[in-house]
Every structure is written in structure tokens, then in C-alpha cells.
Amino acid sequence: MARAWKIEGLNPDQFLKTSLPKILRLRFDEMWSYLDDTIEGKDVNPLHDMRVSARRLQALLRIFRDALPKKKVDRQIKVIRDLVRHLGGVREHDVFLDALLDYKKGRPDGDERSVDLMIAREKSLRVAEQSALRRYLLHLRRAEYDHIFKDFVRDAT
Amino acid sequence: MARRWKTKPKKSLRENAQEIIPLLFDEFMETKVRVVGHPRLKDELHGMRLKGKMLRYIMEIAGGFYGPAFGECYEEIRRAVGLMGSIHDCDVQLPVIQQHVRELRAFNAAVKSDDRIPTAPMVVLHHQHKERRNTLFNELCGILLRWEAENFRGRILLSMTRATELSQP
């Protein structure tokens, strides 16, 4: 899992309204940096990293909700929450598939059709979730959600 | 449930963190007794984990200015929340495995014996998952009980106060 990006030049003794935009922008950039690779879907890691970053951002928006305009921040929380759900829908199958493949590797040779069936089922469910996620991410990219979020941060703080 | 904390834009990030972190810790630990005493309460554990994530991510930021002692506390929170995540994975997967075994048994009952699919590998997997969940759960309980015995909350507060004092000119 990728570590959180370090927030350079953060002065904790500045007013929250001064430091919060810096924190939110960086956490957003961190999340958004995994977008293209997650859409491409060749590797499971960018998806996992994007999910963790999105959760970081979601937690911060919730914690600092009082310092931001309520209606606007709630709209952003909803977008990020939906994103976390979509990412989680795929990740859940990745975690399970990992466990199943590991388990199968450690099994003695024999009739393992029950495990193979479970793996096939998980893979098929993953494809469905991945395609829903891809649609959502493409929608965010087309809508230039990065600009929307940064405008929100600029206007709200 | 209503939030206990309120962020103040006209106070510094440090002052806000100093107020929020103990309150988030209290929220996180609110259901500890029920979670530790009732290993099967999956929803309570999941709820506790979600609160733990809020605490974890604010501590991650505050780690940049509260120094190494606070960083050690953050690592402990991260570890506990990580364990909760692994337990949650088991809680999600166990019913899926169980349902798969049920379906295989129904299939086996409807076909000739030559066509039956052995369910043993999935039964063993189910058993292993349950064992793993128990091990992780016991480890988590050990951490939560140790925190109480060692006044971990006090340690977090002290690390914040000391770092703040050191930062004053």
C-alpha cells in the first residue's frame, strides 16, 4: 500500500482555514494520481491505493466539515463516498481472490473443482464491479471533477 | 449519533488537532466493551473500525508536527485498525464460502455420484478462515485491553502536550 503523501510546508500553528486547503488539495491530488491506472485496470495496486487515498480524503472532509460550507462539503463527501464504495466493490473481490489462490497453491493435488468454481465466480463478480467502477471514474474524469473539487476548496476556505 | 467535536477555522491546526484527537479516540473506544465481550458482533466491530479510521487519518497528519512519541501512538492505532480490517475481510468472506458449500451440496444431491464435486476443500477453507478470525480477534482484544491498562489515551495526550511545549519559543 502506498504511504500518504507528505504535506510539505505545513505549518500547524497557522489558522486551520489557512492550512486546511493545503491538506485537502494534497490529499485530493494523491487520490487523483491513481485515476488513469485504475481506469486502465491492468494492475490491482493502483485501485487499492486510490481507495486508501479516497478514504483519507473522506475522513478529513468529515472531520473538518464544520470549517467548510455545509451544503458544498456534503456534496463532495457524497462524491467521494460513492467513489470509495465503487472501489471497495472491486477490492473486496481482489482480497478474496488473493486468499483463494493462496489457499489453492497450498493444497495437495486432488479434486479442487469446488475452489476453482469459487475462483471463477469471484472473477466474474469482479468483472461486473470493475466495469461499474470504470464507468464512474470515466464520468468523474469527463466532468473534470479535479477542477470541481479544487474550486470547492478555493471557494470554501 | 451526534459528533462530539467541532472544528474551529480561526484556531490553528495544532489547537484543533489537540481538541479533536482525544474526542475521536473516545468515540473509537466507546463500543470497546461490547466488541471485546462479544466476538460475534460483526456490525459493532465494523462501526468501531470506521471510527478508528477517522482517528487514524487525522493522526497521520498530526504525526508531522507532534514528534516521535506521538508517531508511536499513531502506529498502534494503525495496527489496531488494520487488524479490524482483516477481521472484517473474514466476516465478509465466511458467509460467501458457506453459501458456496450449500450450493455445492444441493448440486451433489441432484446428480449421480460420479458427477459430484467434493466440498471438503471449501469446508477446510471455511474452518481456516474461522480460525484466522479468532486469532486476529484475540490479538485485537489484547491490544485494546493493554491500552486500557497502560492508559494509552493519556500517552497520546502527553505526547501532544510535550511536543506543543517544545514547539513554543
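For segment B:22-29, the criterion of being within 30 Å of residue B:134 (Cα to Cα), of a type in the set (A, V, I, L, M, F, W, C) and more than 13 Å from the chain's Cα centre (by Cα) is met by at least one residue. Restricting B:52, B:63, B:71 to those that are within 11 Å of chain A (Cβ to nearest Cβ) and either touching a Gly at 6+ places or on another chain (Cβ under 8 Å) or hydroxyl-bearing (Ser, Thr, Tyr) (or both) reduces the list to B:63. Of the residues B:109, B:80, which is more than 13 Å from every other protein chain (Cβ to nearest Cβ), free of Cβ contacts under 8 Å to residues at least 40 places away in the same chain, among the hydrophobic types (A, V, I, L, M, F, W, C) and in a helix (DSSP H, G or I)? Unique residue meeting the criteria: B:109. Here residue B:110 meets each of (1) at pLDDT 95 or above; (2) surrounded by 15 or more Cβ atoms within 10 Å (Cβ to Cβ) with one exception, condition (2). When residue B:124 is tested against (1) surrounded by 15 or more Cβ atoms within 10 Å (Cβ to Cβ); (2) aliphatic (A, V, I, L, M); (3) more than 18 Å from the chain's Cα centre (by Cα), only condition (1) is not met.
Here is a list: B:47, B:85. Which entry is part of a helix (DSSP H, G or I), within 13 Å of another protein chain (Cβ to nearest Cβ) and at negative phi?
B:85
Of everything listed in (1) assigned to a helix (DSSP H, G or I); (2) surrounded by fewer than 16 Cβ atoms within 10 Å (Cβ to Cβ); (3) at pLDDT below 95, the single unmet condition for residue B:39 is (1). Exactly one residue out of B:65, B:25 is surrounded by 15 or more Cβ atoms within 10 Å (Cβ to Cβ), modelled with pLDDT under 95 and not in a loop (DSSP other than H, G, I, E, B), and it is B:65.
Taken together, the residues in segment A:1-40 that are touching a residue at least 60 places away in the same chain (Cβ under 8 Å) and under 11 Å from the mean Cα position of the chain (by Cα) amount to 4. Restricting A:102, A:43 to residues that are under 18 Å from the mean Cα position of the chain (by Cα), loosely packed, with under 15 Cβ neighbours inside 10 Å and among the acidic types (Asp, Glu) narrows the list to A:43. Scanning segment A:1-39 for residues that are more than 12 Å from every other protein chain (Cβ to nearest Cβ) and modelled with pLDDT under 95 yields a count of 1.
The values are calculated or read from the model by the stated rules, or taken from the named source; none is laboratory data. The model shown is predicted, which means the values in this text are computed figures rather than measured ones. Methodologically, a virtual Cβ is constructed for each residue, glycine included, from the backbone with ideal geometry; neighbour enumeration extends over all protein chains shown.
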